[in-house]
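Colleague: Let me give you the structure first, and then I'll get to my questions.
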Amino acid sequence: MKKIVCVICSIALLISLISFGGCVLFNKDNDEPYGVVTCSVAICEILDALGCDEVVGVPATGDTLPERYTGIRTIGAPMEPQMEIIKQINPEIVLVPKTLQASLDEQFTAANINVKYIDLSDISEMYSDIVKIGELIGKESEAQVLYDSYTQYIDSYPKLDTEISVMTIMAFSSLFTIATEDSYVGNLVKLAGGKNVYGAGYVSDGTGVITNYSLEDMAQKNPNVIIVFAHFNEEYAFKYIKGLTENDTIWKNFDAVKNGKVYYVSTADGFGVSANLDWTKAFETLRPIFFGE
């Protein structure tokens, strides 16, 4: 009878995890899985804001992690988490940005690691997932506070109609990609009132960026404003784009370049690849760009 009860309990636990609902984590028992691992700095910040002390694995990164997670074991680079290290840590769940699902899901499945993908490309979806994380780790009230602050901010922001066309560039030290409306920065542009020249639907893999663009197509779109953010080292990434605007014939002919409407935005102000809790800083940075002071 006891064995039957144990089996039933195990099934119930699995169902709860799959549905991503209910406070089912942190029931540490001998060698059973325990705690949360994440390969995302943004998710670390979310967990910190929720007051989660059960984080047992964090990404190896040059960015500053919350002090709460000082000394926590690292699991490798954000885009290349080490499955063997995660298996050694043996967490109850791994929280991963949804943009990495296509590249990492097969590895997590093969390693039999329980993973949940968090949408960090859309601010609204990020807060919906924050509520679900709160339910999962027993921090429902803290998650609701974050969600309410988001809705209050959005509701108070004036809805301004504009036809300002915007191109968002994700820069590296020697190349760049186009961030569409499906990306985090693209989502910010949309919320702030800009019209992304590479709108929703340009990609179908969920990354929010496209690499198969052409300079000719960019020139035809000829945006009023160009927003540039960096994937890694901002100094070299921005230097690369500035070199293009000064030396490349097509770039020099963009209206945005001619009119001095190329803006380099920093991770320190909430910009980057993934949505994060500093998104309001990024939002407020875009307002004067689009509408003046």
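Colleague: Do we have residue 234 as in contact with a strand residue (DSSP E or B) (Cβ under 9 Å, 6 or more places away or on another chain) and either free of Cβ contacts under 8 Å to residues at least 60 places away in the same chain or over 26 Å from residue 163 (Cα atoms) (or both) here? Quick ask: steps written out before the conclusion?
Modeller: On the way: in contact with a strand residue (DSSP E or B) (Cβ under 9 Å, 6 or more places away or on another chain): yes; either free of Cβ contacts under 8 Å to residues at least 60 places away in the same chain or over 26 Å from residue 163 (Cα atoms) (or both): yes.
Here the answer is yes, as residue 234 does meet what is asked.
Colleague: Check the stretch 253-274 and report whether any residue there is in a helix (DSSP H, G or I), among the acidic types (Asp, Glu) and either at pLDDT 95 or above or within 20 Å of the chain's Cα centre (by Cα) (or both). Give the derivation first.
Modeller: So the first thing to find is which residues in the stretch 253-274 are in a helix (DSSP H, G or I), and the list is 255-258, 267-269.
So of that shortlist, the ones also among the acidic types (Asp, Glu) come out as 255, 269.
Subset that is either at pLDDT 95 or above or within 20 Å of the chain's Cα centre (by Cα) (or both): 255, 269.
Yes, the stretch 253-274 contains at least one residue that is in a helix (DSSP H, G or I), among the acidic types (Asp, Glu) and either at pLDDT 95 or above or within 20 Å of the chain's Cα centre (by Cα) (or both).
Colleague: Now, a different point. Could you list, in sequence order, all residues of the stretch 219-241 that are part of a helix (DSSP H, G or I) and either more than 26 Å from the chain's Cα centre (by Cα) or surrounded by fewer than 15 Cβ atoms within 10 Å (Cβ to Cβ) (or both)?
Modeller: Of the residues in the stretch 219-241, the ones part of a helix (DSSP H, G or I) are 219-221, 234-241.
Scanning the stretch 219-241 gives 219, 220, 221, 235, 236, 239.
Colleague: Still on this model: Could you list, in sequence order, the residues of the stretch 156-200 that are assigned to a strand (DSSP E or B) and either among the basic types (Lys, Arg) or touching an Asp or Glu at 6+ places or on another chain (Cβ under 6 Å) (or both)? If you could, list the steps in order and put the result at the bottom.
Modeller: To start, the set of residues in the stretch 156-200 that are assigned to a strand (DSSP E or B) comprises 165-171, 176-179, 195-196.
Answer for the stretch 156-200, where residues must be assigned to a strand (DSSP E or B) and either among the basic types (Lys, Arg) or touching an Asp or Glu at 6+ places or on another chain (Cβ under 6 Å) (or both): 195, 196.
Colleague: Please state which one of 65, 95 is part of a loop (DSSP other than H, G, I, E, B), in contact with a helix residue (DSSP H, G or I) (Cβ under 6 Å, 6 or more places away or on another chain), under 24 Å from residue 134 (Cβ atoms) and open to solvent by less than 60 Å² (accessible area, probe 1.4 Å). Before you say what the answer is, go through the steps one by one.
Modeller: On the way: 95 fails: part of a loop (DSSP other than H, G, I, E, B).
Among 65, 95, only 65 is part of a loop (DSSP other than H, G, I, E, B), in contact with a helix residue (DSSP H, G or I) (Cβ under 6 Å, 6 or more places away or on another chain), under 24 Å from residue 134 (Cβ atoms) and open to solvent by less than 60 Å² (accessible area, probe 1.4 Å).
Colleague: What are the residues in the stretch 98-132 that are open to solvent by less than 30 Å² (accessible area, probe 1.4 Å) and out of contact with any helix residue (DSSP H, G or I) (no Cβ under 7 Å at 6 or more places or on another chain), if any?
Modeller: Passing the criteria: 100, 104, 108, 126, 129.
The values are calculated or read from the model by the stated rules, or taken from the named source; none is laboratory data. For clarity, every value in this text was computed on a predicted model and none was experimentally measured. Please note: Cβ atoms are built from the backbone with ideal geometry, for glycine as well, and neighbour counts cover all protein chains shown. Accessible surface areas use protein heavy atoms only, side chains included; no ligands, DNA or RNA. Shrake-Rupley method; radii C 1.70, N 1.55, O 1.52, S 1.80 Å.
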